[in-house]
2 protein chains.
Amino acid sequence: MTSRQDLFDTLAQVGKALGSGHRLILLERIAQGEASVETLASAADLTVGNASAHLQHLRRAGLVTATRSGKQMLYRLTDQRLVTLMSLMREVAETNLAEMERLVSRLFAEKNADGALEAVSRDELLAGLKTGSVALLDVRPENEFAAGHLPEAINIPLEQLESMLDELPRDREIVAYCRGPYCVLSHEAVQRLRKLGYRVRRFDEGFPEWKAAGLPVH
Amino acid sequence: MTSRQDLFDTLAQVGKALGSGHRLILLERIAQGEASVETLASAADLTVGNASAHLQHLRRAGLVTATRSGKQMLYRLTDQRLVTLMSLMREVAETNLAEMERLVSRLFAEKNADGALEAVSRDELLAGLKTGSVALLDVRPENEFAAGHLPEAINIPLEQLESMLDELPRDREIVAYCRGPYCVLSHEAVQRLRKLGYRVRRFDEGFPEWKAAGLPVH
DNA sequence: CCAACATTCTAATGATTGTTAGAATAAAAC
DNA sequence: GTTTTATTCTAACAATCATTAGAATGTTGG
């Protein structure tokens, strides 16, 4: 009867791997596209050594793979289903953990002055894109945009937002997106663009969720 | 920037809760229907005190709730999505962890003498039920059957299999199911019934997966 | 081959978790 | 009210995990 226990212990490795905030942040970044240890360490605010250790952990649990490219190791997700898995975790947590709501609103607190929290759902966005009534804005850094983005999205990394305003339409609503539901970039963008008088809302989800849903990407 | 970390740490509580073989076994049992601490402790082969501690852990992570019923506390899942979450974990683990395959086949090794591992998929089962070409056999204990089962299933708990053979048809194929993909009951049943000359296969999944898929239950 | 760089490994530390046995609590039965 | 039964809490210990600093490995570019 111990082989049953072994099986569940091995399955639990996947859970364990998902059981650390630092690793979830690493995964959020990896889901944007392959990245080096240093990139990942800085995204998660970890020392390189520590990030490497967490990445080994994720690797042993079968969640990421690494390939060498020159001097760097590039980590990527083994499986698109992980994005779905993490979305489900998020939904379960938001539904059943009272604390989550508080933390989400705190994270976006200062960015929610004038209703910037109201998000566009996937269906709304799809409808808007079909009729051409919205322009899509990707505010992630350039290299993440290059690794994959929503069709017809314009890339203006958040740092360059004010200097690239001429790329944005005035006559249509703008929908901004970034890495995912817990990424602050699009919130920040919405806040800043609203101050400048743009009609802009953020998209509910990010690039990984869009891709995992089987929707077309570029 | 620490509120972002807090958010992911809280989300990670869900992962942590899923990061223990003992807790996954508890959840497999809870997914069959509400159960007392003692029932759960014996299902997971834990002392009652230890099981209680794990259940508190699951509770804090928002995965289960408890209500008192007389002397007993009854634990149940907070959320049907957890069954989907665990199925996804299983798929990811089976796809990406080589060890899983070995462990699954070891768990069912002795029960796979004559191809008893070949399972019926959900679609096959649905088709067979529609045409009336299969009889459904639920080999879980009586109380789990009573808490919910697939429509038209006959309940013969594994221990009573040989003494209740007259409930089983000889002219149709029998499909046996139990708690889920890693439950040995239906395997054992298939093996024993085949020795007796019955035409019988097992169902891929269990009652919780069927229910979580939104299919009708009784 | 050497120097520079990216990553992983090692060893040591502190923090967290799992487990047990036994005490405390809470409801039910008498 | 006292006893019984089910569960949770407490304290203690062992085991596991996260983190850091620094050494070791492997790759690139001279």
Picked from the range B:24-79 (must be among the acidic types (D, E) and closer than 21 Å to A:Q5 by Cα), the residue nearest to the chain's Cα centre (by Cα) is B:E28
Within the range B:1-25, of all residues that are of a type in the set (S, T, Y) and in a helix (DSSP H, G or I), the one nearest to B:L82 (Cα to Cα) is B:T10
Is it the case that the range A:8-25 has a residue that's surrounded by fewer than 17 Cβ atoms within 10 Å (Cβ to Cβ) and within 14 Å of DNA strand C (Cβ to nearest atom)?
no
Within the range B:85-98, the count of residues that are farther than 19 Å from B:C183 by Cβ and either more than 7 Å from chain A (Cβ to nearest Cβ) or surrounded by 16 or more Cβ atoms within 10 Å (Cβ to Cβ) (or both) comes to 4
**Asked** Does B:E28 count as assigned to a helix (DSSP H, G or I), at pLDDT 95 or above and within 23 Å of B:D204 (Cβ to Cβ)?
**Response** yes
Being outside any helix (DSSP H, G or I) and in contact (Cβ under 8 Å) with a residue 12 or more places away in the chain narrows B:P151, B:P208 down to just B:P151
Does A:G148 count as among the small types (G, A, S) and either at pLDDT below 95 or within 21 Å of A:E28 (Cα to Cα) (or both)? yes
Expected single match for within 16 Å of DNA strand C (Cβ to nearest atom) and either of a type in the set (A, V, I, L, M, F, W, C) or away from every other protein chain (no Cβ under 14 Å) (or both) among A:L126, A:L82, A:L40 is A:L40
Checked the range A:26-37 for anything surrounded by 21 or more Cβ atoms within 10 Å (Cβ to Cβ), within 13 Å of DNA strand C (Cβ to nearest atom) and more than 22 Å from B:Q13 (Cα to Cα); matches are A:A35
How many residues of the range A:55-79 are within 12 Å of another protein chain (Cβ to nearest Cβ) and either away from DNA strand D (no atom under 16 Å from the Cβ) or farther than 22 Å from A:E205 by Cα (or both)? The answer is 10
> Any residue at all in the range A:44-60 that is closer than 21 Å to A:H149 by Cα and within 13 Å of DNA strand C (Cβ to nearest atom)?
Replying inline: no
Item to complete: Determine whether A:A119 is surrounded by 18 or more Cβ atoms within 10 Å (Cβ to Cβ), over 21 Å from A:G180 (Cα atoms) and not acidic (D, E).
Response: no
When (1) within 24 Å of A:C178 (Cα to Cα); (2) within 13 Å of DNA strand D (Cβ to nearest atom); (3) more than 8 Å from every other protein chain (Cβ to nearest Cβ) are applied to A:I25, the one that fails is (3)
Exactly one of A:L74, A:L55 is on the phi < 0 side of the Ramachandran plot and crowded, with 20+ Cβ neighbours inside 10 Å, and that one is A:L55
The condition from (1) crowded, with 18+ Cβ neighbours inside 10 Å; (2) within 16 Å of DNA strand D (Cβ to nearest atom) that B:L136 misses is numbered (2)
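The values are calculated or read from the model by the stated rules, or taken from the named source; none is laboratory data. On a predicted model such as this, the values are computed, not experimentally measured, just so you know. Here the Cβ is made from the backbone with ideal geometry for all residues, glycine too, and neighbour counts use every protein chain on show.
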